[in-house]
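Engineer: The structure is given below, and queries will be raised subsequently.
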Amino acid sequence: MLPLSLKMLGRDWRAGELRVLALALVVAVASVTSVGFFADRVRQALAREAHQLLGADLVLRADHGWPDEVREEIVRRGLARAETLNFVSMVRGSAQAQLASIKAVSRGYPLRGTLRVAQRMNAPDAATREVPRRGTVWIDERMALALGVTGRLDNNAVIELGNVTFTVDAILTMEPDRGVSFFNIAPRLMMNLADVPATGLVQTGSRVVYQLLASGEREEVDAFEKWLSPRLARGERLRSLANARPEIRASLERAQKFIGLTAMLAVVLAAVAVSLATRRYTQRHLDAYAVMRCLGATQTSLFSLFAGEFLGLGVLACAVGCAAGYVAQLVIASLVANLVVVPLPPPSLLPAVQGLVIGIVLLLGFALPPLLQLKGVPALRVIRRELGPPAETALMAYAAGALTIGALLVWQADEVRLGMIVMGGFSLALAVFSLAAFGALRFLGRAVRGRATLHGSIAWRYGLASLARRTRTNVVQILALSLGLTAILLLTFTRGDLLATWQARIPENAPNRFIVNIQPEQRAPLMKFFSDNTVAEPQVYPMVRGRYMAKNGVPVDVDQFEARARRMVEREFNLSYMETMPGHNRIVEGRPFERTELESGGLSVEEGIAKTLGWNVGDRLTWEVAGQSITAPVTSVRKLEWDSMQVNFFVIATPGLLAGAPTSFITSFYLPHSLAPLSNRLSQRFPNMTVVDLSAIMRQLQDVTNQVIRAVQFVFLFAVGAGLLVLYSALLSTQDERVQEAAVMRALGATRTQVLNAQRSEFIALGLIAGGLAACGATGIGYAIAAFVFQFPFHLNHWVWLAGPALGLACLLINAFAAARSLLRQPPIMALREL
Amino acid sequence: MAAINANPILKAAGLSKNVPSGAQTLTILQDIELAVMPGEALAVLGASGSGKSTLLGLLAGLDAPSLGSVWLDGHELFKLDEDGRAVLRAKLLGFVFQSFQLLPALNAQENVMLPLELAGSRNAAALATAMLERVGLGARLHHYPKHLSGGEQQRVALARAFVMQPKLLLADEPTGNLDAATGAGIIELMFQLNAEHGTTLVLVTHDEMLARRCTRQIRLAGGRIMAG
Ligand SMILES: Nc1ncnc2c1ncn2[C@@H]1O[C@H](COP(=O)(O)OP(=O)(O)OP(=O)(O)O)[C@@H](O)[C@H]1O
Ligand SMILES: [Mg+2]
């Protein structure tokens, strides 16, 4: 049977029968694997990108020097190593002294990411691979302002640090691992590690953070982390990506979801394309099949014959697709090479396997049903042409295929929720689209019935009437078209909206300065300072420090928590109080404070910490605030936008509970670069306040987001390709019938204009229906994705209502135009012969 | 009846058709010279594969010749563009395909209405119904081609050609699928058209009886017209 299958494959290939199907498969597998390959590499690259924020893959922090055993272990494992010492000290400039947060670094720091320096203040900066030379220091802008080092840096810019005099060599503009910590508040001075002993500043008992940085191959880093974890002594801890900054992590997780979503869309579209292509193939082979039955072939042998042919085709196409996918991702990788700063690691083999599996499943799930239909074709069809295949078996097979694909998608994207939404969305769209298409065709058919004529200006009525005449094929065509268009709209408009929303999360004028420790009586003068300096008055929040004591009367047992939770519990919390939550907080459980709670007391807690510490709505939490014990129930759980750069609180209480406690205030605001010196004037005017500069981390966050978005955009192209393929196969599905119709009409004396008008009115209606449906689909699915997966507020893009129908129209008109060329240029008999 | 000295309604000169076949070219028709006078009935005979259908397609301007010319009512067909030929066909010509070429999406009546609609006729439905009744399909107006038997499909195709009452009817084996009685009925219909409206008939056929009723016969063999 197999040799015959392969022979048939050869014949059908030569007859051009299978080319579209093969192309659909190749593009499907290629897009899946290249999305897979590329997403895989980007994922790895993103992880590295994130490591920049640590300055390494792994950071070891301690309050004492690290033992040599650990240092040597890093090198022994082939990992790169660097060291930093962090402490706070007074720095004396020529005019004044300033408290500085000093970071002494060894050669090689940072292991991930780069430092950027400028030759003087406000000069353009550039990346550097160096660290400060011995005898020199780099200072940040705030430090330079404080010390009055604002001009050109020549050898006159000197500072004194402990016993030693240093030359200021550069202005440090960016430090990848400069996190935001309210304790890390003084301006920065960076120096060479080897210069530290001479200063005499670090002695036993001084408050110093010793950091060891390690980087290298992922497995090696993991292995080292495993080795080290059990050996950590008191005062030593590890920082890795898992506990990196929440706002960056949020960004990266979102990127992975986007990429996963795209891969899914590509697969779903491929499925549609494959089933369309197979449908066309089987329709063209119904007769051949029936004839072979008459010639004595059994159903089973025929089925295995065709199945063998398809399997052969599938394996070939999958292999080609995989190879093409690999090449494609190489091309993309080289395209983004200068966008994605980190070199992409080599792809793993998994995407190839996934691509192959998905290709085969696509073939089995979506080519098998029409083939199974072939099996049901009675031999009698040779004589009675109306005898078609039974439909139920096909439905079952499609359902099975859809289920398998769904499962595979979840496996590939590792995102159950996203997978459900995509699959659910598409099934729903499928159902709604077919009903709507059917209704619209019926309606059109009714509207023009009896008035159909081909003459002159009313030839279009004929076209509309024939729309309704071919209801079944046209429903299928509208369905496929609108699915393809939905995907494309989703990938262009909705994606654009989602990405724009994402980018807008970190708006240009997002707060870049925090002020902490504002005393109650300073609020009014501070606001006046702002208005005097034409800066918008920011929202100020009260802050009370408190310790978490008990839940539902049971005292907190520190030992029951894992390390991270324990650190949270051991520290004092920053509690706030207010009557209504800030706008960027969203209540996901419970309800806002109500009148009764405002009187009796209530707490609103952040989702993540509630999960970590096991708090639920209704739990009564006890806090110790300024020696007093306070107990109140949790009345709501809030979700925070960590990347909004707003002031965020884990716990917000009703004012009645905390208003009596010692309160300081905190605020965040946007300070344009041009007004940067204001920061210093603010510190001078209110010396007790601490002004934290977030602009560096903000810039970093924006950079990461932008890069990630660019990478995501590239991945989108593939899904768009798959969508176009669906469109193409959809258009092809009624091609044969249209060619015959045109040729016959021409033989009967129809002019070019008549044929074109009739077909165009049909195409216009089809395009408008499909495009309109697609616009609905894209909006609906986009809304679901925004609301349920990314938790963005979704803004409807009204252009999609124009773009959908316009795109549908364009597709069909281009198709009509292309078809018309072949229809009208060649003599009718030739057109008929080619069917 | 044919008017004396009238110009031929259909004329072919030096008509040849070659198709590439692998490395060689296959000659299907060679050097066909033919003139058909208005009102004449011409039978085209010949063995299977001798080129009859190809000739008919060329005469209707549905196919392009490799060499030679065809004049339809004095217009040189292949000097016109496709649209020009279509307009001429709409005005003069009825054509019956050997394989019928009914549109599967249209029912019998709609298929017959098609040429009327193309010409902007106001009462297409009534004319189509009347013609279908004349070919014995009054009861199958709303049936789709795939539900019709081969002979019924052929009669729909004939009705589609007759309904325009063309000046020239080109039919490829119009009775090929019909039993003797129905075939005779169709033949009657064609010659009635011929008699009433002076419709010129060019009929490809294997049916000697039909051929004998025609005013003239030509016989094709190997792509050439044989004497007689
Ligand atoms: N486009 C083509 N390419 C190759 N061969 C062709 C083509 N068109 C026609 N032929 C060949 O030309 C020959 C004549 O074909 P045609 O259909 O005109 O025959 P016919 O006389 O009508 O036969 P029949 O009585 O069986 O209908 C046949 O051998 C056919 O195979
Ligand atoms: Mg023939």
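Engineer: Let me confirm something: among A:L671, A:L621, which residue is crowded, with 21+ Cβ neighbours inside 10 Å, modelled with pLDDT of 85 or more and not β-branched (V, I, T)?
Structural biologist: A:L621
Engineer: I've got another one for you. Could you list all residues from the range B:148-172 that are within 16 Å of ligand 1 (Cβ to nearest atom) and surrounded by 21 or more Cβ atoms within 10 Å (Cβ to Cβ)?
Structural biologist: B:Q154, B:A157, B:L170, B:A171, B:D172, listed by residue number.
Engineer: Okay, next question. Of the residues that sit in the range A:742-753 and are assigned to a helix (DSSP H, G or I) and surrounded by fewer than 24 Cβ atoms within 10 Å (Cβ to Cβ), which one is farthest from the other protein chains (Cβ to nearest Cβ)?
Structural biologist: Taking the candidates together, the pick is A:T753.
Engineer: How many residues are surrounded by fewer than 22 Cβ atoms within 10 Å (Cβ to Cβ), facing another protein chain (nearest Cβ under 9 Å) and either within 18 Å of A:A750 (Cα to Cα) or in contact (Cβ under 8 Å) with a residue 12 or more places away in the chain (or both) if we restrict to the range B:86-100?
Structural biologist: 5
Engineer: I've got another one for you. Of the numbered conditions (1) assigned to a strand (DSSP E or B); (2) at positive phi, B:I32 satisfies every one except a single condition; which is it?
Structural biologist: (2)
Engineer: Looking at this structure, is B:A161 more than 9 Å from every other protein chain (Cβ to nearest Cβ) and part of a helix (DSSP H, G or I)?
Structural biologist: Here the answer is no, as B:A161 does not meet what is asked.
Engineer: Further question on the same structure: Is it the case, given these coordinates, that A:R107 is more than 35 Å from the chain's Cα centre (by Cα) and at pLDDT 80 or above?
Structural biologist: yes
Engineer: Taking only the range A:609-649 into account, find how many residues are free of Cβ contacts under 8 Å to residues at least 24 places away in the same chain and assigned to a helix (DSSP H, G or I).
Structural biologist: Matching residues across the range A:609-649 total 1.
Engineer: Go through the residues of the range B:15-25 one by one and say whether even a single one is among the basic types (K, R), under 26 Å from A:T751 (Cα atoms) and touching a Gly at 6+ places or on another chain (Cβ under 9 Å).
Structural biologist: yes
Engineer: Separate question: Suppose the filter is buried (at least 21 other Cβ atoms within 10 Å of the Cβ), in contact with a Ser or Thr (Cβ under 7 Å, 6 or more places away or on another chain), facing another protein chain (nearest Cβ under 8 Å) and outside any helix (DSSP H, G or I); does B:A105 pass it?
Structural biologist: Yes; evaluated as a whole, the condition is true for this residue.
Engineer: Does B:P145 fit the bill of being within 17 Å of the chain's Cα centre (by Cα), away from ligand 1 (no atom under 16 Å from the Cβ) and in contact (Cβ under 8 Å) with a residue 40 or more places away in the chain?
Structural biologist: no
Engineer: Check whether at least one residue in the range B:169-176 is closer than 15 Å to B:F97 by Cβ and more than 16 Å from ligand 2 (Cβ to nearest atom), and report yes or no.
Structural biologist: Yes: the range B:169-176 contains one or more residues that are closer than 15 Å to B:F97 by Cβ and more than 16 Å from ligand 2 (Cβ to nearest atom).
Engineer: Let me ask you something else. Out of B:L193, B:L170, report the one residue that is within 11 Å of chain A (Cβ to nearest Cβ), within 20 Å of the chain's Cα centre (by Cα) and of a type outside the set (S, T, N, Q).
Structural biologist: Among B:L193, B:L170, only B:L170 is within 11 Å of chain A (Cβ to nearest Cβ), within 20 Å of the chain's Cα centre (by Cα) and of a type outside the set (S, T, N, Q).
Engineer: Scanning for something part of a loop (DSSP other than H, G, I, E, B), surrounded by fewer than 17 Cβ atoms within 10 Å (Cβ to Cβ) and not polar (S, T, N, Q), does the range B:180-197 turn up at least one residue?
Structural biologist: Scanning the range B:180-197, I find no residue that is part of a loop (DSSP other than H, G, I, E, B), surrounded by fewer than 17 Cβ atoms within 10 Å (Cβ to Cβ) and not polar (S, T, N, Q), so the answer is no.
Results for (1) at pLDDT below 70; (2) part of a helix (DSSP H, G or I); (3) more than 30 Å from B:P65 (Cβ to Cβ), shown as yes or no for each residue.
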position	(1), (2), (3)
A:F788	no, yes, yes
A:L796	yes, no, yes
A:W801	no, yes, yes
A:L809	no, yes, yes
A:A816	no, yes, no
A:I829	no, yes, no
A:L832	no, yes, no
A:L835	yes, no, no
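Engineer: I'm trying to understand the selection: among the residues of the range B:38-54, which are in contact (Cβ under 8 Å) with a residue 24 or more places away in the chain and over 15 Å from B:L201 (Cβ atoms)?
Structural biologist: Result: B:G46, B:A47, B:S50, B:G51, B:S53, B:T54.
Engineer: Against the definition (crowded, with 16+ Cβ neighbours inside 10 Å and at pLDDT below 65), how does A:R61 come out, yes or no?
Structural biologist: It is false that A:R61 is crowded, with 16+ Cβ neighbours inside 10 Å and at pLDDT below 65.
Engineer: Looking at B:L26, B:L42, can you tell me which residue is assigned to a strand (DSSP E or B), touching a strand residue (DSSP E or B) at 6+ places or on another chain (Cβ under 6 Å) and surrounded by 15 or more Cβ atoms within 10 Å (Cβ to Cβ)?
Structural biologist: B:L42
Engineer: Further question: Evaluate the range B:75-85: report whether one residue or more is farther than 17 Å from A:A747 by Cβ, away from ligand 1 (no atom under 15 Å from the Cβ) and in a helix (DSSP H, G or I).
Structural biologist: Yes, the range B:75-85 contains a residue that is farther than 17 Å from A:A747 by Cβ, away from ligand 1 (no atom under 15 Å from the Cβ) and in a helix (DSSP H, G or I).
Engineer: Hey, could you check the range B:25-54 for residues that are within 15 Å of ligand 1 (Cβ to nearest atom) and of a type in the set (G, A, S) and say which is nearest to the other protein chains (Cβ to nearest Cβ)?
Structural biologist: Result: B:S53.
Engineer: Going through B:E117, B:E82 one at a time, which residue ends up being without any contact (Cβ under 8 Å) to a residue 24 or more places away in the chain, away from ligand 2 (no atom under 16 Å from the Cβ) and out of contact with any Phe, Trp or Tyr (no Cβ under 8 Å at 6 or more places or on another chain)?
Structural biologist: The match here is B:E82.
The values are calculated or read from the model by the stated rules, or taken from the named source; none is laboratory data. Here the structure is a predicted model, which means the values were calculated and not measured. Don't worry about glycine lacking a Cβ; one is built from the backbone with ideal geometry, like all the others, and counts go over all protein chains shown.
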